[in-house]
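Worksheet for the structure shown next.
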Amino acid sequence: MVKTAICGGSARGSNRHITRSASCGFRTKMLLVMRLTIFLLTVACLQVSASGNAQTVSFQGKDVPLEKVFTAVREQTGYVFLYNDTLLADTRPVTIHAVQLPLAQFLDLLIKGQDLKYTLVSKSIIVSRAPVNAAPSDNTLPLWRLLTDNPPLPIRIRVVDADGKPLAGASVINKKTKNSGVSNTDGMLGLNVSAGDILTISFVGFGDVDYRVTPTDVAIIVIKLSPSTSPLDELQVIAYGTSTKRLNTADVGTVKAVDIERQPVGNPMAALEGRVPGLLITQSGGLPGANFTVQIRGQNSLVQGSDPLFIVDGVPFAPNNTSISSIYSSVGPAGLSPLNSISPSDIESIDVLKDADATSIYGSRGANGVILITTKKGKPGKVTLSANVYTGASVITRSMNMMNTQQYLAMRREALQHDGVTPDIDNAPELEAFDTTLYTDYKKMFFSGRKAHTTDAQISLAGGGGGTQFLIGADYHQESTIYPGDLKDRRVSFHSNLSHVSIDKRLTANLSTIYVVDDNRLGAYNFAGMLRSAPNAPPLYDSAGKVIWEKNGVSLNNPLVFQLNRQSASTSNLLGSLQLGYQLLPGLTLKASLGYNMVRIDEMNLQPIPSRNPADYATGAAEFTSNVFKSWIIEPQAEYNRNIGKGRLNILAGGTWQETVNNWSDINTDSITNDALLQSIGAATSIRAGSDYQQYRYSAVFGRLGYSWEEKYILNLTARRDGSSRFGPGRQFANFGAGGLAWIFTKEAFARQLPGFLSFGKLRVSYGASGNDQIGNYQYMDGWGSPFYPYNGTATLFPSRLANSDYGWEVNHKLEGGLDLGFIKDRILLTSAYFYNRSGNQLIPYTLPYQTGFTFITENIPALIQNSGLEFTLLTKNIQSSGFNWTSSFNLTIHRNKLLKFPGLATSSYSNAYVVGKSLSTIRGAHYLGVNDTTGVFQFTDVNKDGLINTSDNFILGNQDPKFYGGLQNSFSYKGWNLDVFLEFRRQLGQNYLYNIYNVNVPGTSNNNLPLSMENRWRKPGDHATFQKVTQDPGSAAYAAAANFVGSSGSYSDASFIRLKNVSLSYSVPSDFIKRAHIQGCRVYLHIQNLLTISHYEGADPEVKDLFTLPPLRTFTAGIQITL
Amino acid sequence: MYKIKIFPSRIRTIIGIFAILPELFFSSCRKWVTIPPPRDQVVTATVFMDDKTATAAVLGIYSQMLGASPGNLIMGGATLFPGLSADEIYSAKTSTVYEPFASNSLLKDNNSVLSALWRAPYAYIYQANVCLEGLAASTTLSAHVKRQLMGECLFARAYCYFYLTGLYNDVPLETTTQYQTNQIAPRSPSAKVLQQVITDLDSAQALLVPAYPVTGPIRPNKWAAAALQARAYLYQKSWPAAEAAATAVINSGMYTLVSDLNAVFLANSSEAILQFKPVQFNQNSVDGSLFIPSSATVIPAFAVPDYTLAAFETGDLRKSSWIKSNTVGGKTYSYPYKYKVRNGFTVTEYNMVERLAEQYLIRAEARAQQNDISGATADLDTIRVRAGLPVLPISLDKATCLLAVEQERRIELFMEWGHRWLDLRRTGRIDAVLGAEKSNWTSTDSLYPIPFKEIQKNVFLTQNPGYN
């Protein structure tokens, strides 16, 4: 029996001859080892007696009848065998060697090849005859064998997870012989081994296990893997699948829920800042809902969008990252962020796909990178209820002191005196018409000492058993602002996820739904701009409480009337995503991903009668807009996994049909005579309406081929044929593709010669091309739309655009190389990447002279843009002890943007904007020389000595790209205590506060207060001052110099900063303490956002860089999380 | 070694699936990404299929003109900016926008020149051109609608070119929608542009009928085209043609001078040959919103300088009817008051584009140039009598008579469509008149700069003298 079995086994082997001779050698040694066997049997019996009624079985014996084995099992486990007496008649005796094998596995072994099957019922094991053809065809290996050093013999290995479920695709390598294999769908593989060999078993997401083969090993070695604790094995969501940092050929940056949850922010983008190398996020201001610019690896397109693609649970987020608001509000021109309608607490992970390999399967939509947002899912196990509540306050961080009334009026008098002008109520209403003793400190009125409040409450229920898991949850988030009035942003979000795997594991389904309602009432006016108001401007109301519109002959434009307006923006976001998978054949799975997203924003602005100047309006007005973004996507896919040679092949093919529709409408009503009816459109006699409709369709066929050879050499190829409705007939389709290659060289033989502290090493390279179609819709199609105004009551039309049907795809080429290193068992992990992206065939709205009747025509030009840079991430476990742990995470991005080529730049309308060889954000301006002591006027270098400062005197002053940026996180834990400190840093040049000051109104002009720092100004000849003399005369030299100052080197400063962005301290109450209260977990925490900013930048926030915009606030929150 | 068993049938299935899927996709993709025009828009091919959409397309020109912000060429821009550049008004409040016009110190990159006075008319011209092309090609329109609409487009185009050449002299002449050639078109000589205006108006008169297409003189009829042509002939110094065209309008019998000066600019005034009806909320005439201050106690934005107030003869009713003043801080500011309504939802005043009085003045000048002094003074007296002034002496020589025409145009057409500014340049009197009144005057100030940004975009454009 032994012989046939061996020969049968060898016949299957590819190395037939070697196996055969090995088996024969084995046979001759049988007798020599018999004695040892007897010894071992004795040991086994001792173990049996010790184990009693356990669920594991230990048994050793050669050619033992089944009945005897049954008895032994009964003795050890208490299980009784029930069977028909005739059943055992034609069974063969078994040879078995098991040490504490789980009962089921033992039984499996026992009945292998016996045409038997068994069923466990209560404490009974019912044994019956199996269907005739049910005998596993591959069960021809010996059930028993004693291994010796030499020669190697085939054994079978079964790889399972902690729950005993088979792991398909695990790789096993014999360290000594370099033989290797990959487990099949049952977790099984065969390998030739000798006793004393060390097998390394590894699998994605699990820690490697080294297993030493002992002489007592039986034919099936069961290897149990535990989930890896190495950051290399954390799951990364990639296009249409998952991977890990260890095995990914592509460059993906991941931020997990744990880092998001620590930050008391309303927008997920705020939580990402500084955490992913290559990802630059800049917020437009500190009001809740304010938009963020998001850029991955720089600006790829001259003028078209550089926004990455946002995908939430597989569904393209319909508004992507464009502002969704249409009515100007206090959040400023950047508008409301669409991502504000996703609750950060619902997010499990955010994965940032950066290089060609990672993004190209998304085709043109992913040309600027992809941000995948994955929401939380239920985990198997006990159903837990978790509640989390926090509340806190925010205060302003940075602002400037402005002049008080005396200083301001003195400055105004000085300006008039310099200009030789007598003050009158036109040129100096503050001096001639207003009360010169009045003083309003606007900073105090709107900023200092004022508090905003944040409250957040989350509840979720999650868990599940068998094949079904679920999560349901809700979150309420409320954020106010420091401005006076009842201004706040409130959000309620609901999230649910249901996942199911059928018992035969062939069918998988996952349904994820989020629904978010946001109500943003932040008012119509940015009060930060009020800092500029004359400090003695008359109050808004007279003593009788009526709005003042005119004071002593001066008409007032007092923005405080905006407080009388009512403004709101209500957003709702519905996102549903269904993923279905069915394993049609072993290794072949058919999948479908279906998704729908609708983001709708309804805005309203009401202007009651008192808010309008009665000289112009005796009535109220209102504006209503509705902006609906809908997108849906269907992506059928087929995935095939197969082991080929020592590698694992993965093929994915699929298609995409996507449609995004944006429907906007706007209704302006006026002449409403009753403020109570402002919201009643029918009450208005004057109505004006506008609409806009945008449709985008996209379809593609894509394929991915991945091959991983022993998890050592990994190849990933993707290709995609893209079709976009944004191109004219015949130009809609284009092919793009990418390839990635990774080499985990620490798996090579020579790696043993490398210093022992190197535990992981991977070299990675990827290259690919993708198209960019982020131009507007319909650009190839002429069209006539309706303007706001009918003429004489008759509808009118106007031509919307000039059409060009000939333009084609903008193309991005991306190259990346990476080196990932792990030291001291991955305690130190260094990830580095160099990227080199080139983007050409630029699609631009080619500027036309107005004489054509239009401003632009969409065209391709052969301009070439390069983005290159280095990215580093360093993860270290600095101290690891039973009590105290300290880990750090550092990331750094060094980035350069360069315009390589722009034929005809000098004669194009971009000649002043760009310089070949320089960054797209290059600053060109005059070279500022300071104030002339004699004339008191700003001086600049006059290059051509023509006495004028104009564009011909421009220098290249630098660029506004961050030179480098990144973040540093330190996490400390001691017993139940956790402290996380996160620093964000950025080195950059930016417009300084003087840019704001000189850009808006020339200092010295009427109703234009200045920062206190401008007291240091030129007053008389001989003064050595920082600022030029104040003036109000547009004809004066100082006035012209003020205009030249804007954009000159004097209006740019170092805007680098190090920001203590997040400090989080939490304490988990010890379990023995809380168990008495019947709760599973209780954590209390303190979160501080934006605690401190270290910067030379004066006045405004160095990130927002605008003195007249509310900077990001400093927020303190405290909270408690309870798990039941 | 251990290997998965492969059943040939499975392989076939797998290959089949991977081969069929792309096939399925490809066949449906092409159709999928071909999308219809946006729901709220129509394409040129359908616009000119029927009378209603074709009319909407042409009316869109007025909607664009009047929907623009105040200060754009048709929205008071042609009145305001040349009014400042000449001697009609000054900016009473400190303003960096208006000051360069008032002090004749425009820079080549002046933004108002660019957007309000250059970009705006070319946008209207494009729309007129695209409509003309569409209308001409259409075979499905009613004949009378087609004629009316083509006439209106030609009028609109002529009106825009008249102002373009008036403000800049030589300008690119675009009569098609071909952006490929239009974008590199150099400036055409002003004579050619003016000839195009006259030709367009010839065609317009042939297409249009005396009857207005709707109630009120709010869209051009035949006489609106003739009246503009009379003006154009004056600029071309084609005196007999100017006289003939003006006479045709005067003799049409459709228009009479309004005796009450306060009622001249009312909607549907009997003197109006063409008025643009306001389209925006709360708007009457744009002039009213620009010039009438918000209250009687504030400084108006624009005030009439003393030398212009002095130009009104004693007893001229136009001074008391068409000029009003506010006294603030002891100082009196006079402002244009031809239109009486600053704003309001009830519309009582339209924007007067062409009126009969101008035709009398055109004819007077044309007659004087042809030495018909009595004819000229008769026409001038028609205007003077209404203003409560004595008739002119009958024995004027030609030069004096022409000065009388200039004076009468200055007063009668005060703050209307930049007549004063354009007249002074047309008659070559600008240096003498403004040089005497304004301290910084140089002769190159009589033309506005070709916007610098446009020269950057079209290298074939040249700059006007004095702006390099």
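Starting from one equal scatterer on each C-alpha and no solvent at all, send me the Debye-based log10 I(q)/I(0) for segment A:1014-1056 at q = 0.22, 0.34 Å⁻¹, two decimals.
Debye curve over Cα of segment A:1014-1056, log10 I(q)/I(0) at q = 0.22, 0.34 Å⁻¹: -0.84, -1.14.
For segment B:80-231, give the magnitude of the charge dipole about the Cα centre (Cβ charges: +1 Lys/Arg, -1 Asp/Glu; no others), in debye to the nearest 20.
Roughly 280 debye for segment B:80-231.
I'd like the Karplus ³J(HN,Hα) series for segment A:750-766: coefficients 6.51, -1.76, 1.60, θ = phi - 60°, whole numbers in Hz, and an x wherever there's a Gly or Pro.
For segment A:750-766, the Karplus-derived couplings read 5, 4, 5, 7, 5, x, x, 6, 7, 9, 8, x, 9, 10, 9, 9, 8 Hz, x marking Gly and Pro.
Suppose each label sits 7 Å from its Cα in the direction of the beta carbon; what would the A:Lys444-B:Thr332 distance come out to in nanometres?
Modelled inter-label distance: 4.6 nm.
Using all C-alpha to C-alpha distances in segment B:262-373, build P(r) with 5 Å bins and read off the rounded percent in each one.
Spelled out bin by bin, segment B:262-373 gives 2, 11, 16, 18, 19, 16, 9, 5, 2, 1, 0 percent.
Just check segment B:344-468 against the gyration tensor rule for me: Cα atoms, a ≥ b ≥ c as the square roots of the eigenvalues, rounded for a/c under 1.5, and otherwise prolate or oblate depending on whether a/b exceeds b/c.
oblate
Name the lysines eligible as straight-distance cross-link partners of B:Lys237: C-alpha to C-alpha under 29 Å, and not fewer than 8 places from it in the same chain.
B:Lys192, B:Lys222, B:Lys398, B:Lys438
Tell me, what ³J(HN,Hα) does each residue in segment A:513-518 have, in order and in whole Hz, if you take phi through Karplus 6.51 cos²θ - 1.76 cosθ + 1.60 with θ = phi - 60° and put x for Gly and Pro?
9, 10, 9, 10, 10, 10
Once the piece of chain linking A:Asp435 and A:Asn999 is laid out straight, how much longer is it, given 0.36 nm per residue of separation minus the C-alpha distance between them?
Separation in residues times 0.36 nm, less the Cα-Cα distance, equals 200.2 nm.
Over 25 Å between C-alpha atoms is what I'm after, so list which of A:Lys1105/B:Lys108; A:Lys224/A:Lys825; A:Lys224/A:Lys747 land there.
With Cα atoms farther than 25 Å apart: A:Lys1105/B:Lys108.
Return the tail of the calculated pair distribution for segment A:320-359, meaning the percent of Cα-Cα pairs more than 11 Å apart.
When every Cα pair of segment A:320-359 is considered, 73 percent fall beyond 11 Å.
Could you pull the Cα extents of segment B:150-273 along its three principal axes, largest to smallest, in whole Å?
Sorted from largest, the Cα extents of segment B:150-273 read 49, 31, 29 Å.
May I ask you to list, by number, the DSSP H helices of chain A whose Cα span along the axis is at least 27 Å and whose average Kyte-Doolittle hydropathy reaches 1.6 or more?
Span-like helices in chain A: A:30-51.
For segment A:530-575, what is the convex hull volume of the alpha-carbon atoms per residue, in Å³?
On the way: hull volume 5.0 nm³, N = 46.
Dividing the Cα hull volume of segment A:530-575 by its residues yields 109 Å³.
Of the options A:Val160, A:Val915, A:Val73, report the single residue whose Cα projects farthest towards the positive end of the charge dipole of the protein assembly as shown (beta-carbon charges: Lys, Arg +1; Asp, Glu -1).
Working it through, the farthest residue towards the positive pole turns out to be A:Val73.
Give me the Kirkwood hydrodynamic radius of segment A:840-904, using the inverse of the mean 1/r over all pairs of distinct Cα atoms, in Å to one decimal.
Result for segment A:840-904, one decimal place: 16.4 Å.
Nearest 500 deg cm²/dmol is fine: what mean residue ellipticity at 222 nm does chain A get from its DSSP H runs of n ≥ 4 alone, each adding -39,500 (n - 2.57), divided by its residue count?
For chain A, the value works out to -3000 deg cm²/dmol.
So how far apart, in nm, are the two label points at A:Val421 and A:Arg129 if each is 7 Å from Cα heading toward Cβ?
Once both label points are built, they end up 11.3 nm from each other.
Hey, got the dipole for chain A? About the Cα centre, +1 on K and R Cβ, -1 on D and E Cβ, debye to the nearest 20?
4880
I want to verify the translational diffusion coefficient of segment A:586-676 in µm²/s; compute it with Stokes-Einstein, Rh as the Kirkwood radius over Cα pairs, at 25 °C and 0.890 mPa s. List each step's numbers first, then the result.
On the way: Rh = 18.1 Å.
The Stokes-Einstein estimate is 136 µm²/s.
With a cut-off of at most 16 other beta carbons within 10 Å, and DSSP calling the residue loop, which trypsin sites (Lys or Arg not before Pro) in segment A:466-563 qualify? Please list them. Don't skip to the end; give the middle numbers.
On the way: sites: A:Lys488, A:Arg490, A:Arg491, A:Lys505, A:Arg506, A:Arg521, A:Arg532, A:Lys546, A:Lys551; in loops: A:Lys505, A:Arg506, A:Lys546.
Hits after loop and neighbour filter: A:Lys505, A:Arg506, A:Lys546.
Going by C-beta contacts inside 10 Å, put A:Lys1029, B:Lys146 in order with the fewest on the left.
Values: A:Lys1029 27, B:Lys146 19.
Ranking A:Lys1029, B:Lys146 by Cβ neighbours within 10 Å, fewest first, gives B:Lys146, A:Lys1029.
When the Debye formula is applied to the Cα atoms of segment A:511-652, each taken as the same point scatterer, what base-10 log of I(q)/I(0) results at q = 0.10, 0.11, 0.15 Å⁻¹?
Rounded to two decimals, the profile gives -0.61, -0.66, -0.90.
Which whole-Hz ³J(HN,Hα) couplings does segment A:547-559 yield from phi under the Karplus relation 6.51 cos²θ - 1.76 cosθ + 1.60, θ = phi - 60°, glycine and proline marked x?
5, 8, 10, 8, 10, 6, x, 10, 7, 9, 10, 6, x
Rg and Dmax of segment A:683-786, using alpha carbons, in Å: what are they?
Spelled out, the Cα radius of gyration and Dmax of segment A:683-786 are 25.0, 87 Å.
What Kirkwood radius, in Å to one decimal, follows from the Cα pairs of segment A:353-436?
When all Cα pairs of segment A:353-436 are included, the Kirkwood radius is 20.7 Å.
For segment B:179-218, just the Cα atoms, rotate onto the principal axes and tell me the three extents in Å, largest first.
Taking the Cα atoms of segment B:179-218, the three principal extents are 41, 22, 15 Å.
Give the average over all directions of the projected area of the C-alpha convex hull of segment A:427-513, one decimal, in nm².
Here the figure is 10.6 nm², rounded to one decimal.
Neighbouring Cβ atoms within 10 Å as the yardstick, rank A:Ser230, A:Ser1013 fewest first.
Ordered from fewest to most neighbouring Cβ atoms within 10 Å, A:Ser230, A:Ser1013 come out as A:Ser1013, A:Ser230.
One-quarter of the Cα convex hull surface for the protein assembly as shown, in nm²?
If you wrap the Cα atoms of the protein assembly as shown in a convex hull and average its projections, you get 66.8 nm².
For A:His453 and A:Thr384, compute 0.36 nm times the residue count separating them, minus their Cα-Cα distance, and round to one decimal in nm.
Extending this stretch completely gives an extra 21.9 nm.
Estimate the FRET efficiency between A:Val258 and A:Arg752 by the formula 1/(1 + (r/R0)^6), using the beta-carbon distance for r and 45 Å for R0, to the nearest 0.05.
Plugging the Cβ-Cβ distance into 1/(1 + (r/R0)^6) gives 0.80.
Mind checking which lysines have their C-alpha under 16 Å from A:Lys591, skipping anything on the same chain fewer than 8 residues away?
The reachable lysines, counting only those whose Cα sits under 16 Å from A:Lys591, are A:Lys505.
Based on the Cα gyration tensor of segment B:109-178, what are the three equivalent ellipsoid semi-axes, each the root of five times an eigenvalue, rounded to whole Å and given largest first?
The answer is 27, 11, 9 Å, longest axis first.
Based solely on its DSSP helices, what 222 nm [θ] is calculated for chain B when runs of n ≥ 4 H residues each add -39,500 (n - 2.57) and the sum is averaged over all residues, nearest 500 deg cm²/dmol?
It lands at -15500 deg cm²/dmol.
Counting only the backbone N, which residues of segment A:952-983 are under 11 Å from the spot 7 Å out from the Cα of A:Ser881 toward its beta-carbon?
none
Which whole-number percent of Cα pairs in segment A:777-853 have a distance greater than 17 Å? Display every interim value, and only then the final one.
Values: 2079 of 2926 pairs.
Roughly 71 percent, rounded to a whole number.
Which residue, A:Thr669, A:Ile601, A:Ser631, has the largest displacement toward the positive end of the dipole of segment A:601-694 when charges sit on each Cβ (Lys, Arg +1; Asp, Glu -1)?
The one lying farthest along the dipole's positive direction is A:Ser631.
Quick one: Debye curve from the alpha-carbon atoms of segment A:924-1029 only, equal weights, vacuum; give me log10 I(q)/I(0) at q = 0.11, 0.22 Å⁻¹ to two decimals.
The Cα Debye sum returns log10 ratios of -0.57, -1.25.
Which of A:His1096, A:His895, A:His500 has the fewest other C-beta atoms within 10 Å, and how do the rest follow up to the most?
Ascending number of Cβ neighbours within 10 Å: A:His1096, A:His500, A:His895.
Other chains' Cβ within 10 Å of B:54-67 residues: what's the mean?
Whole-number average of other-chain Cβ neighbours for B:54-67 is 6.
What does the extension gain come out to for B:Ser142 and B:Asp202, with contour length at 0.36 nm per residue minus their alpha carbon separation?
Here the answer is 19.4 nm.
Which three lengths, in whole Å and largest first, does segment B:317-357 cover when its Cα atoms are put on their principal axes?
In descending order, the Cα extents are 37, 29, 14 Å.
Alpha carbon centre of segment B:36-79 versus segment B:364-407: separation in Å?
The two parts, judged by their Cα centres, are 42 Å apart.
If you average over every viewing direction, what projected area does the convex hull of the Cα atoms of segment A:442-573 give, in nm²?
The orientation-averaged projected area of the Cα hull of segment A:442-573 comes to 11.6 nm².
On a C-alpha basis, how far is the centre of segment A:603-630 from the centre of segment A:922-957 in Å? Whole number, if you could?
45
Using a cut-off of 30 Å between alpha-carbon atoms, which lysines can reach A:Lys546, once sequence neighbours fewer than 8 places away in the same chain are excluded?
List returned: A:Lys443, A:Lys444, A:Lys451, A:Lys488, B:Lys93, B:Lys324, B:Lys331, B:Lys340.
Would you mind computing Rg(Cα) / (2.2 N^0.38 Å) for chain B, counting N as its residues?
1.22
Taking the simple approach of a point 7 Å from Cα along Cα-to-Cβ for both B:Gln463 and A:Arg827, what is their distance in nm?
Taking the simple label geometry, B:Gln463 and A:Arg827 are separated by 7.1 nm.
Please go through the residue pairs A:Lys963/A:Lys1029; A:Lys175/A:Lys762; A:Lys178/A:Lys376; A:Lys165/A:Lys377 and name each one whose alpha carbons sit more than 29 Å apart in this structure.
The pairs that break the limit, which is 29 Å between Cα atoms, are A:Lys963/A:Lys1029; A:Lys178/A:Lys376.
Stick to Cα atoms and the Kirkwood definition of Rh, then tell me Rg/Rh for segment A:356-513. Don't skip to the end; give the middle numbers.
On the way: Rg = 29.5 Å, Rh = 22.3 Å.
Across segment A:356-513, the Cα-based Rg/Rh ratio is 1.32.
Readers should treat all values here as calculations from the given coordinates under stated rules, not as data from a laboratory. As the structure is a prediction and not an experimental result, all values here were calculated from the model. All Cβ positions, even for glycine, are placed from backbone atoms using ideal geometry, and neighbour counts span all protein chains on display.
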